[in-house]
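Everything on this sheet refers to the single structure shown next.
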Amino acid sequence: MRYKHIFWDFNGTIIDDVRNALCCVNDMLLRKSKAPITLEQYYEYVETPIIGFYRHILPPEELNFEEISADFHKDYATHMDQTRLADGAHELLHKLKDMGAHQYIVTANQIDEATDLIEKFGISDCFDRILGASDTLAGSKIQRARDLFESLSIHPNEAIFIGDTLHDLETANALGIDCVLVAYGHQGRKLLEEHNAFTLENLKEVEKYLFDERKIDLHTHSTCSDGTLTPTELVRHAKEKGVSLIALTDHDSVDGIDEAAKAAAEIGIDFIPGIEFSAAEETETHIIGLFVDCKNEILLNTIEKLRSCRRKRMEETCRKLQSLGFEVTIEECAELSGKDFIGRAHIAQLMVNKGYCETVKECFEKYIAMGKPAYTEKNELTAEEAIKTIKAAGGLAFLAHLNQTGFDDSELRALLEKFKGYGLDGIEGYYTEYSPEQITQYRTIAESFSFVLSGGSDYHAEMKPHIEIGVGTGDLAIPYYVAENIKRKIND
């Protein structure tokens, strides 16, 4: 099984107690001579910390939260017949325990109340630790979860959070781990999917994804841009490496899509047509399009415009390198490429071949990345044009490798706010170069913008030999449900 550590929310996930909670809220409203709320209103108002929920239904002068919380827990006991173990929970929890998974409950519920319910439902032996609250105020769970996570030195790839609210997703993001939410809990499918959280109907569906070992890679390159495998070779290599789904995202090109799609169909691997645009912005900006129609006229016209501009830009980069004393020419780059497309990676590879740099990465970092002495400005396509071209072609647009922007949190948020206005759908939440801290940062930002997550290795074969398809530098692991969530967004 992919996951060795399972973090569980309790109320609304392991136990199905939404109707109990609604009864408690309406008991309180009745005592205050106010109209009850419906389940739909409950789903609309619930948030964490829970005090925010009561701000929706009570005026400030009646919002004595400590009193309300104490009364809620008294009422909860009187409606205990409305609380039951979620369908399939007993079987799944014991199955995971028998397989050696470590399971933890992270709940906003008071620790004694949670412990009593766990004993009542006969599941206490399934958990290594129960992290409950010391009070009845149902505050944030993040710090308790983070303290446990760090104390156990858990690898993020080996952990998942299963919950029912956006706060559970927020908690998972704070840990930098995967997250699935259930639709029967305290916020309901509508709100969760509006925030593009991966949401499942029941625990039977959750079980399927927990045991789904399939790997995906939504960021790869072929010889139709600056990779060194043909589209057919790329697809076959993915299959050999155990990847179940790939997207071909060549730079400014869809020339390889038909070939890759045919090869994928022949050997039995799922395939998504894509593209990667380099955009002219104040920082290194690449926009990936997934599920694009590679025959779309707007897309093809944009690509055609970029081809001549790219050649001129690469020529200028070579001239700048020559001025620095390096003997590199555009003709040599074209010979190395073997086709019309010439990218910075070809220039970098030529620098390596001539002994000027040890690696392609070194060449970028010293000479040809944005802000370096041989960098040539991209002035052919803005991020807005890239995003709108992808959308016109029926695709979803994602900001790639956020770490390469060099932006701090506030700068990155400002950039994403602007791009969301253009129609950006999401970001790469999984990427080869991300540190654990960056994963946490980027996924937290994504949740605040309701972005969809994508991800990939940025595989180029021999052009970037340290990166392998599906796993990046070794520890990249993108669950199949990431692709499922993107497909759901496409079908909305």
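The values are calculated or read from the model by the stated rules, or taken from the named source; none is laboratory data. This is a predicted model, so every value here is computed, not measured. All Cβ positions, even for glycine, are placed from backbone atoms using ideal geometry, and neighbour counts span all protein chains on display. These accessible areas exclude ligands, DNA and RNA; they are computed on the full protein's heavy atoms, side chains included. Shrake-Rupley method; radii C 1.70, N 1.55, O 1.52, S 1.80 Å.
Annotations
- Test: residue in segment 425-439 that is in a loop (DSSP other than H, G, I, E, B), surrounded by fewer than 22 Cβ atoms within 10 Å (Cβ to Cβ) and aromatic (Phe, Trp, Tyr): no
- Within this structure, Phe341 fails the test of being aromatic (Phe, Trp, Tyr), under 22 Å from Asp250 (Cβ atoms), in contact with a strand residue (DSSP E or B) (Cβ under 7 Å, 6 or more places away or on another chain) and open to solvent by less than 70 Å² (accessible area, probe 1.4 Å).
- Any pair with Cβ under 7 angstrom, 6 or more apart, that starts in segment 463-479 at a residue that is over 18 Å from Thr230 (Cβ atoms) and touching a residue at least 12 places away in the same chain (Cβ under 8 Å) and ends at one that is among the hydrophobic types (A, V, I, L, M, F, W, C) and assigned to a loop (DSSP other than H, G, I, E, B): Thr473/Ile467
One line per residue, one yes/no per condition, for (1) open to solvent by 10 Å² or more (accessible area, probe 1.4 Å); (2) in a loop (DSSP other than H, G, I, E, B); (3) in contact with a His (Cβ under 6 Å, 6 or more places away or on another chain):
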{"position": "Ala238", "(1), (2), (3)": "no, no, no"}
{"position": "Ile246", "(1), (2), (3)": "no, no, no"}
{"position": "Asp255", "(1), (2), (3)": "yes, yes, no"}
{"position": "Glu259", "(1), (2), (3)": "yes, no, no"}
{"position": "Ala263", "(1), (2), (3)": "no, no, no"}
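- Filter result (part of a loop (DSSP other than H, G, I, E, B), modelled with pLDDT under 90 and buried (at least 16 other Cβ atoms within 10 Å of the Cβ)) within segment 46-69: Val46, Glu47, Thr48, Ile50
- Residue that is modelled with pLDDT under 95, more than 28 Å from the chain's Cα centre (by Cα) and surrounded by fewer than 24 Cβ atoms within 10 Å (Cβ to Cβ), where the choices are Ile347, Ile330: Ile330
- Single condition Glu362 does not satisfy, out of (1) of a type outside the set (S, T, N, Q); (2) surrounded by fewer than 16 Cβ atoms within 10 Å (Cβ to Cβ); (3) at pLDDT 95 or above; (4) assigned to a helix (DSSP H, G or I): (3)
- For first residues located in segment 408-423 and open to solvent by less than 60 Å² (accessible area, probe 1.4 Å), partners that are of a type in the set (Phe, Trp, Tyr) and not in a helix (DSSP H, G or I) and lie 6+ apart or on another chain with Cβ distances below 7 Å form the pairs Leu415/Phe407; Leu416/Phe449.
- Condition check for Lys420: over 22 Å from Ser253 (Cβ atoms) and over 14 Å from the mean Cα position of the chain (by Cα): yes
- Selection status of Leu191, at negative phi, open to solvent by less than 10 Å² (accessible area, probe 1.4 Å) and not hydroxyl-bearing (Ser, Thr, Tyr): no
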